[in-house]
Structures are given as C-alpha cells and as structure tokens.
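Let me begin by presenting the structure, written as structure tokens, before commenting on it.
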Amino acid sequence: MEFKFHVEGGDFTSAGTASSQIKKVLKQINIDPIIIKRVVVALYEAEVNIVAHAHHGDIKVKITPQQVYIRLDDEGPGIENVEKAMQKGFSTASSKVREMGFGAGMGLPNIKENADIFTVRSEVGKGTTLEITISTVNNG
C-alpha cells in the first residue's frame, strides 16, 4: 500500500493529517500497537518539521508486511548542520513557531529513536529529505 500527502509550510492546522491517516490504516491491518506508536511519532515529528521550517513538502508512505517506509521531501532552507540538528534541544524554529508550542528541538531525535533506519540528506537553500524505515515485525 502506498500513500502520498502534500504539506504546506506554516499550515499548523493541518499538521498531523498524514500521521493520523496512516495510524488508521495500520490499525485496520492489525499492526502491533507498539509499532503503530513508533510510526506515528516519527511521521508526526517529520510532518511538523515541514510545517515549521519548509515552504512545502511531500510525504510518501509505503506499507508492506515487513515494514513501513516513509520518505519526506521538502523545499525549504535546508539544515546547515545535520549533526547539530540531531542533538536533543537544538532548534532553529522561529519565536512564532515556539509560541505555538512547537520547535523544542526534539523532532529529529524523536524520529531517530523511533526508526529502525533513519537517514537525513539536506542541502542549504534547497531542502531536506528524510527516509524512515520501521519494521512491522516486533522484535521486542
């Protein structure tokens, strides 16, 4: 199963739409609730990052019996220092975004903690691509 979503930067009212819809699908196909939570947390954090930082972006989710693969491509400022951005509490969010309760600097660390495989590619002035893979086979 494959799903595609478009996300507009600054549209906080729609943030979470993709993660909510994917959560419903995963429940319908009886994926382990622990796995669902990991997918939803990772996808929500990534989705909010597009809303908070980019002009717009696209999300592709591919669900197979073995895994959930998520790719997010955004057009935005890019990440100057990915290693620094992966540190808990580091944020480049604007004061406006922070006032809304976002931008605490936990997005990328939370994605990494919930993903089995996580890659970040970013080009300053162009945008960022995140690839997240989460196994649907609970090894815990």
Measuring from label point to label point, each 7 Å out along Cα→Cβ, what is the GLN28 to LYS112 span in nm? 3.5
Tell me, in nm to one decimal, what length is gained between GLN66 and ARG121 on full extension, where the rule is 0.36 nm per residue of separation less the Cα-Cα distance? 17.4 nm
Name the longest site-free stretch of the chain, where the excluded sites are chymotrypsin sites (Phe, Trp or Tyr not before Pro) in a DSSP loop with no more than 16 other beta-carbon atoms within 10 Å. 13-89
Sequence-distant or interchain residues sharing an amide H contact under 5 Å with HIS56, placed H: which? GLY9, GLU75
Quick one: Karplus J couplings for segment 107-118, per residue in order, coefficients 6.51, -1.76, 1.60, θ = phi - 60°, nearest Hz, x for Gly and Pro? x, 4, x, 5, 4, 4, 5, 9, 8, 7, 9, 9
Which loop trypsin sites (Lys or Arg not before Pro) in segment 91-139, with loop taken from DSSP, have no more than 12 other Cβ atoms within 10 angstrom of their Cβ? LYS126
Phi-derived 3J(HN,Hα) across segment 62-72 with the Karplus relation (6.51, -1.76, 1.60, θ = phi - 60°), rounded Hz, x for Gly and Pro, is 10, 10, 10, x, 9, 7, 10, 10, 10, 10, 10
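Of all the Cα-Cα pairs you can form in segment 2-135, what percent are over 25 Å apart?
Distances greater than 25 Å cover 19 percent of the Cα pairs.
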What's the magnitude of the charge dipole for the chain around its Cα centre, counting Lys and Arg as +1 and Asp and Glu as -1 at the beta-carbon? Answer in Debye, nearest 20. 380
Step through the residues of segment 11-28 one at a time and calculate ³J(HN,Hα) from phi using the Karplus curve (6.51 cos²θ - 1.76 cosθ + 1.60, θ = phi - 60°), rounding each to whole Hz and writing x for Gly and Pro. 8, 5, 5, 9, 4, x, 4, 4, 5, 5, 5, 5, 4, 4, 4, 4, 5, 4
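FYI, it's all coordinate maths here, none of it is from the lab. Just so it is clear, the model here is predicted, and its values are computed rather than measured. We place every Cβ from the backbone using ideal geometry, glycine too, and count neighbours over all the protein chains shown.
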